[in-house]
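Worksheet for the structure shown next.
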Amino acid sequence: MRILLINGSPKNSNSSSELMMNELSKQLGESNEYITINTSGLSKKIFLDMFTGVDTAVFIFPLYVDGIPSHLLRLLYESSDELRDISPNIVVYAIANNGFYEGEQNALALNMIRHFCDAAGVKWGQGLGIGGGGMLGVSQIGVGPLKDIGIALSNFAANINKNKSGDNVFTHPNFPKLLYKIGAHFNFIQMAKKNGVNRKALYKRHL
């Protein structure tokens, strides 16, 4: 198959979406042809051109306020009327990751991609929602605290290779939620300090 892997992160490099995209291509195997694009700063014309001759497209993006990042959302909104004429038989899949612990937090964003498919007249395949995004990159996917995420990604890749549709799947790290929350708070405070915001100011209530 000719598979289009779409990185929907606003970051140009070193994003969790890029990490997931690379891992997914490994899981899909070498028998497919892959085209990869980063949507940051991408024009509608180039975005649509990338779909020419493609069998499958996979959107991979971070969660922004329970939805799709605005730059990607704009591309989808502007492109939906034209996509059906370019690749009417394409099957679309999506992976959304977030910094919350629960993968279910991505449900609304994945539904937004499904509604895009309905508007564009293309087939929706399946969505994968990954929680605990703060742990992506700390260890190998499929090992240790990322074991279940690796299993979910492997099953997701198998469905893509079969052009198979399915219910959305949600997963999170094999790691205690309380410890994940403590680590997230610590990192947030350290980031605030680096940007000149002390702990007192961070917790100040603004009316």
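When each of GLY125, GLY137, GLY131 is tested for being in the same structural domain as LEU24 (by TED's automatic domain parsing), under 19 Å from ASN14 (Cβ atoms) and not polar (S, T, N, Q), the lone residue that passes is GLY137. Is it the case that some residue within the stretch 148-157 is of a type in the set (D, E, K, R), closer than 16 Å to ALA96 by Cα and assigned by TED's automatic domain parsing to the domain that holds SER17? Yes, some residue in the stretch 148-157 is of a type in the set (D, E, K, R), closer than 16 Å to ALA96 by Cα and assigned by TED's automatic domain parsing to the domain that holds SER17.
For the stretch 149-165, check the following and say yes or no: at least one residue is within 18 Å of the chain's Cα centre (by Cα) and part of a loop (DSSP other than H, G, I, E, B). Yes: one or more hits. Filtering the stretch 182-192 to residues that are surrounded by 12 or more Cβ atoms within 10 Å (Cβ to Cβ) and either free of Cβ contacts under 8 Å to residues at least 40 places away in the same chain or of a type in the set (Lys, Arg) (or both) leaves PHE188, ILE189, ALA192. Restricting attention to the stretch 142-181 and to residues that are polar (S, T, N, Q) and closer than 17 Å to ILE95 by Cα, the residue that is surrounded by the fewest Cβ atoms within 10 Å (Cβ to Cβ) turns out to be SER165. From the list ALA109, ALA96, the one residue that fits, being touching a helix residue (DSSP H, G or I) at 6+ places or on another chain (Cβ under 6 Å) and either farther than 30 Å from LYS181 by Cβ or at pLDDT 95 or above (or both), is ALA96.
Considered as a group, the residues in the stretch 166-206 that are among the aromatic types (Phe, Trp, Tyr) and either assigned to a loop (DSSP other than H, G, I, E, B) or in contact with a helix residue (DSSP H, G or I) (Cβ under 9 Å, 6 or more places away or on another chain) (or both) include one that is nearest to TRP124 (Cα to Cα), and that residue is PHE170.
The values are calculated or read from the model by the stated rules, or taken from the named source; none is laboratory data. No experiment lies behind these values; they were computed from the predicted model shown. Neighbour counts are summed over all protein chains in view; Cβ atoms, including those assigned to glycine, are modelled from backbone coordinates with ideal geometry.
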